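Visitor: Handing you this structure, nothing more for now.
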Amino acid sequence: MTLGIGLIGTGFMGKAHALAWRNARAVMGDVQDVRLELLCDTPEDKAAAFAGQFGFARSTGDWQALVNDPKVDVVSITTPNRFHKDMAIAALEAGKHVWCEKPMGLTLAEAEEMAEAAARSGKLTMTGYNYTRNPAYRHAQKLVQEGRIGRIVHVRGAVDEDYQADPDLPWTWRAKLGEAGLGALGDIGCHLISLLCGICGPIESLIADMQTVHETRPLPDGTGRGKVENEDTATAILRFANGAQGSFAASRSAWGRKNRLGFEIHGTKGMIIYDQERMNELQLFVNEGPKAEQGFRTILTGPDHDGYGAFCPAPGHQIGFNDLKIIEAADFLRAIETGTRPWPDFAAALEFEKVIHAIAEAARSGTRVSV
Ligand SMILES: NC(=O)c1ccc[n+]([C@@H]2O[C@H](COP(=O)([O-])OP(=O)(O)OC[C@H]3O[C@@H](n4cnc5c(N)ncnc54)[C@H](O)[C@@H]3O)[C@@H](O)[C@H]2O)c1
C-alpha cells in the first residue's frame, strides 16, 4: 500500500512540498511512490484549484479533516508559523508522520510541546531545513568529518536577505509575535543555525544583540501603519560545545542580498567557505603542496557529491532550490520505510529553536545565555 500524502498550504513552501512529493521517486528511484491524496487550503475553492494543478486527488478547506483522514499517512505542514503546533500535534495524535516547515513554533514552549508529542506518538517527523540537503553543504560536512581542515577553531555565519529592507512594504503576519514568533531569527536565522550545528555540533552559550530596523509598516487595507513586533536583524557571538568560537548574523533588511546564507569554517589545517547564493559550489583551502601554489579552490558540485547525481549525470550543470526539497522528501521516505529517525526531526530541530530563542533572550537581557 502506497503512502497517502496530505499537504496543508499551497504558497511558497506548499508548492515546494508538492513538487518534492511528486518527484521524489522519479528522481531518486530508491524510494517508494506516494499518493497525493488530500490538499488543504483556505478558502476551499483555492484548495480545489491547487489540487488540480499539483495533482492531488481530493481537496478540503478544513485542516482537521485532513489530519484525521484515514487515507492520509503523512502530513506536510506549510502554513504560517502560528498553525504549526496545533496542526503537527493533531496529525501526530491521529497517527500520521509529519513533515513540518521551520520554525517549529512561535515560542520555545510550542516547539517543546511538538517534540514531546512526536516522542509520545512513536511517529516520525521531519523539519524543513532544506539547505542541509545541499550536496555542496553535505560535502563540507564530509570534509570536516574526515579531518581535511583539521580541528575547527572558528566559525563565521551570516544569513542576509532583503525581503523586509523596503520601509514601504506592507505589514504582514511575519511582523507579528502572535503569528510569526521571532522575526529574522525564526525566518532565516534558524536555517543558519541548522547549517552551523550540522557541521560544528551543539552551541553551548552565546551573547547577542538585535534590532527592529523599520518599527512600523503600512497596513494592507490603507488604514494606517502596523507595528513591527519582531527583529529585523540579530547578531551573536557563539561558543560551541567542541570549544570552537563563532559569530552569527541574520538580517531580513540587507539590501541586495537575496539568500546569502553562508559560513566560513576555519580549521587548523584549512578553511571551507559556503554561500547558498552560489549553491552549486564550495570553496576549499587546505595547507598542502608547495606554498607558491596554494590557494582557495572552487569545487563545482557534480555526481561525486551526495544527492546531486540523481538529478543530473553531468558535474557543474547545477541543481536548484526545489531540488533540495526533493532530497528532503526522499530522506523522509527512506526513514519511514526503514523506521529510522530522519535528521533533523522534531527532537533535533528543537535544539536549533533553543539557539534562536537563546539569541533573543541574550539580546533582551544583555547577558551570556546557556543554550
Ligand atoms: N524551508 C524554507 O526554505 C522556507 C522558505 C519559506 C518559508 N518557509 C516556512 O514555510 C511556512 C509557510 O511559508 P510560505 O512562505 O510558504 O507562506 P505562504 O504565505 O506563501 O503560504 C502559506 C499557505 O498557508 C495557507 N494557509 C493559511 N492558513 C491556513 C489554514 N488555516 N488552513 C489551511 N491553509 C492555510 C495559505 O493560504 C497559503 O497557501 C512558514 O512557516 C515559513 O517559515 C520555509
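The values are calculated or read from the model by the stated rules, or taken from the named source; none is laboratory data. Being a predicted model, the structure only gives us computed values, none of them experimental. Virtual Cβ from ideal backbone geometry, glycine too; neighbours counted across all protein chains shown. The protein model used for the area step is the full one, side chains on, heavy atoms only, and it has no ligands, DNA or RNA in it. Shrake-Rupley method; radii C 1.70, N 1.55, O 1.52, S 1.80 Å.
Visitor: Please report the projected area of the range 122-251's Cα convex hull averaged over all directions, in nm².
Guide: Mean projected area for the range 122-251: 10.3 nm², to one decimal.
Visitor: From the convex hull of the Cα coordinates of the range 1-63, what is the mean projected area in square nanometres? All intermediate terms of the calculation are to be shown ahead of the outcome.
Guide: Working: hull surface 16.4 nm².
The Cα convex hull of the range 1-63, projected and averaged over all directions, gives 4.1 nm².
Visitor: When the accessible area of the range 216-371 is split by element with a 1.4 Å probe, what percent falls to carbon and sulfur?
Guide: Roughly 50 percent, rounded to a whole number.
Visitor: Would you list the P(r) distribution for the range 198-345, with all Cα-Cα distances sorted into 10 Å bins from 0 and each bin expressed as a whole %?
Guide: Bin by bin from 0 Å, the calculated values are 9, 22, 31, 26, 10, 2, 0.
Visitor: Roughly how big is the range 3-130's charge dipole about its Cα centre, with Cβ charges of +1 (Lys, Arg) and -1 (Asp, Glu), in debye to the nearest 20?
Guide: Once rounded to the nearest 20, the dipole reads 320 debye.
Visitor: Sticking with this structure for a sec: Give me the number: length gained by fully extending Asp30 to Asp304, i.e. 0.36 nm times residue separation minus the C-alpha to C-alpha distance, one decimal in nm.
Guide: 96.9 nm
Visitor: Could you put Glu112, Glu288 in order of accessible surface area, largest first, with the 1.4 Å probe and the full protein assembly present?
Guide: Largest accessible area first, the list is Glu288, Glu112.
Visitor: With every protein chain left in place, what is the accessible area of Asp221 in Å² (1.4 Å probe, nearest 10)?
Guide: 110 Å²
Visitor: Within the P(r) computed for the range 265-366, what percentage of the Cα pairs occupies the region above 17 Å? Before the final figure, lay out each step's value.
Guide: On the way: 3641 of 5151 pairs.
Everything past 17 Å amounts to 71 percent.
Visitor: Taking the solvent-accessible surface of protein heavy atoms with a 1.4 Å probe, what is the per residue accessible area of the chain in Å²?
Guide: Value returned for the chain: 42 Å² of accessible area per residue.
Visitor: Then there's this: Taking a ≥ b ≥ c as the square roots of the eigenvalues of the Cα gyration tensor of the chain, is the shape rounded (a/c under 1.5), prolate (a/b larger than b/c) or oblate?
Guide: Because a/c hits 1.5 or more and a/b fails to exceed b/c, the chain counts as oblate.
Visitor: As a test question: what accessible area, to the nearest 10 Å², does Trp173 have when a 1.4 Å probe is rolled over all protein chains in place?
Guide: In the full protein context, Trp173 sits at about 70 Å².
Visitor: To continue, here is another question. Just going by the charge dipole of the range 3-130, with Lys and Arg at +1 and Asp and Glu at -1 on Cβ, which of Ile77, Ile5, Ala94 is farthest out on the positive end?
Guide: Toward the positive end, the furthest listed residue is Ile5.
Visitor: I've got another one for you. Distance from the Cα centre of the range 22-80 to that of the range 116-149, in angstrom?
Guide: 24 Å
Visitor: For Arg341, Arg138, give me the order by solvent-accessible area with a 1.4 Å probe, most accessible first, ignoring ligands, DNA and RNA.
Guide: Output order, biggest surface exposure first: Arg341, Arg138.
Visitor: Among the trypsin sites (Lys or Arg not before Pro) within the range 200-260, which fall in a DSSP loop and have no more than 15 other Cβ atoms within 10 Å of their own Cβ?
Guide: Counting only loop positions with at most 15 other Cβ atoms within 10 Å, the trypsin sites (Lys or Arg not before Pro) in the range 200-260 are Lys258.
Visitor: Ignoring any ligand, DNA or RNA, what whole percent of the accessible area of the range 3-130 comes from carbon and sulfur when the probe is 1.4 angstrom?
Guide: Answer for the range 3-130: carbon and sulfur cover 49 percent of the accessible area.
Visitor: Report the percentage of all Cα-Cα pairs in the range 3-130 whose separation exceeds 22 Å, rounded to a whole percent.
Guide: Summing the P(r) tail past 22 Å for the range 3-130 gives 29 percent.
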